[in-house]
Amino acid sequence: QVQLVESGGGLVQPGGSLRLSCAASGSIFSINVMAWYRQAPGKQRELVASITNLGSTNHADSVKGRFTISRDNARNTVYLQMNSLKPEDTAVYYCNLKELGNNVWGQGTQVTVSS
């Protein structure tokens, strides 16, 4: 059974940076997509960025130029480097893994951007 464990959330001032990490454990197919989603209070969960096992990335327009997704396949870990953070980036950030016949979510990590 695949499990995802996120880390790296916290409180940061506007303009600051954070780096989220998500480590996957268990039996994972080599072909997969890992992604970060976020959900703010009262809003739907939205895709922030995704990355395939070959390194192809996709970033939401709202974070382009500020956030960067990357992964280390040897460690089964995906990262989200978040720079120039804004108050509207405040949300619970969830890691996601999609592979053949499987869609796995992490428990979420809170990111709060406030002065």
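Using DSSP, restrict attention to beta bridges with both residues in the chain and report what percent are antiparallel, rounded to the nearest 5.
So the antiparallel bridges amount to about 95 percent of the total.
What ³J(HN,Hα) values, in whole Hz, does the Karplus curve 6.51 cos²θ - 1.76 cosθ + 1.60 give for region 18-28 when θ = phi - 60°, with x put for Gly and Pro?
After applying 6.51 cos²θ - 1.76 cosθ + 1.60, I find 9, 10, 8, 10, 9, 9, 9, 10, x, 8, 10 Hz.
Suppose every Lys and Arg Cβ carries +1 and every Asp and Glu Cβ carries -1, with no other charges. What dipole size does the chain come out with about its Cα centre, to the nearest 20 debye?
80
What base-10 log of the normalised intensity I(q)/I(0) is obtained for the chain from the Debye formula, alpha carbons as equal point scatterers, at q = 0.20, 0.21 Å⁻¹?
The calculated log intensity ratios at q = 0.20, 0.21 Å⁻¹ are -1.03, -1.13.
So, in nm, how far is label Val33 from label Ser62 when the simple model puts each one 7 Å beyond its Cα toward the Cβ?
Taking the simple label geometry, Val33 and Ser62 are separated by 1.9 nm.
To the nearest µm²/s, what D does Stokes-Einstein give for region 66-115 at 10 °C and 1.306 mPa s, using the Kirkwood radius over alpha carbon pairs as Rh?
This corresponds to a translational diffusion coefficient of 126 µm²/s.
Compute the signed sum of charges (Lys and Arg +1, Asp and Glu -1) over the other residues within less than 14 Å, Cβ to Cβ, of Met82.
Spelling it out: positives minus negatives among the neighbours equals +2.
Excluding same-chain residues fewer than 8 positions from Lys98, which lysines have a Cα within less than 27 Å of its Cα?
Partners within reach: Lys43, Lys64.
Only the coordinates and a few stated rules stand behind these numbers; no lab work does. Just so it is clear, the model here is predicted, and its values are computed rather than measured. Neighbour counts are summed over all protein chains in view; Cβ atoms, including those assigned to glycine, are modelled from backbone coordinates with ideal geometry.
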